[in-house]
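As structure tokens, the structure follows; a few thoughts come after it.
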Amino acid sequence: MGLAMEFDKKVKNGELPKVQTIMQITQKIGFLKKIEDIESECVAAMELKAGEKYILEEILQQCYKDCSARALQQYDALKVPEKDDNLKLRTSLVNHLRSKHAELQQTNNTRKVQENNKIIEKGEVAGNVYLKEMEKV
């Protein structure tokens, strides 16, 4: 988006970009799209593993480690159009994946509390039924 606005501004100022510049911009956009695809694939895998019910924290953590390692391996295999951006973009990818993992952890912890509350409620109901049955005896 920022690149498109920059391009539009240059055209309006009468600074028509050279063909090489347009090719560089196109290459960078393609590179950023690949990073976005890598991130989306990793996030989808983590969300699939997390599922709809509580899972053990160790399983979620291992999934995050595996997905992150795979995503960084895919990123490192890409040809970076501008070497100066490499560390910044790689760090951004790591931060986005870490943020998504933290979000999934929070959701998973909420599910754990909800499941524990259901178990406690069912235990209380069972206890009350037991007491009523014992009173009959």
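The values are calculated or read from the model by the stated rules, or taken from the named source; none is laboratory data. In this text the structure is predicted, and so the values were computed from the model without any measurement. Note that each Cβ is placed from the backbone with ideal geometry, even for glycine, and that neighbours are counted across all protein chains shown.
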Exercise. When the stretch 93-105 is examined, which residues are found to be in contact (Cβ under 8 Å) with a residue 12 or more places away in the chain and closer than 27 Å to Ile25 by Cα?
Worked result: Leu93, Val94, His96, Leu97
Exercise. Is it true that some residue in the stretch 34-44 is under 15 Å from Glu103 (Cα atoms) and of a type in the set (A, V, I, L, M)?
Worked result: yes
Exercise. Which of the residues belonging to the stretch 75-93 are modelled with pLDDT under 90 and in contact with a Leu (Cβ under 8 Å, 6 or more places away or on another chain)?
Worked result: Val80
Problem set entry | Residues of the stretch 52-101 that turn out to be exposed (fewer than 11 other Cβ atoms within 10 Å of the Cβ) and either in a loop (DSSP other than H, G, I, E, B) or of a type in the set (Phe, Trp, Tyr) (or both), as a count | 4
Exercise. Taking the stretch 102-122, which residues are surrounded by 12 or more Cβ atoms within 10 Å (Cβ to Cβ) and either basic (Lys, Arg) or not in a helix (DSSP H, G or I) (or both)?
Worked result: Arg111, Lys112
For this session: May I ask you to verify whether Asp8 is part of a helix (DSSP H, G or I) and modelled with pLDDT under 95?
Result: yes
Seminar exercise, completed: All-but-one check, Glu39 against (1) closer than 30 Å to Lys9 by Cβ; (2) of a type outside the set (Lys, Arg); (3) out of contact with any Leu (no Cβ under 9 Å at 6 or more places or on another chain); (4) surrounded by 14 or more Cβ atoms within 10 Å (Cβ to Cβ), failing number (3)
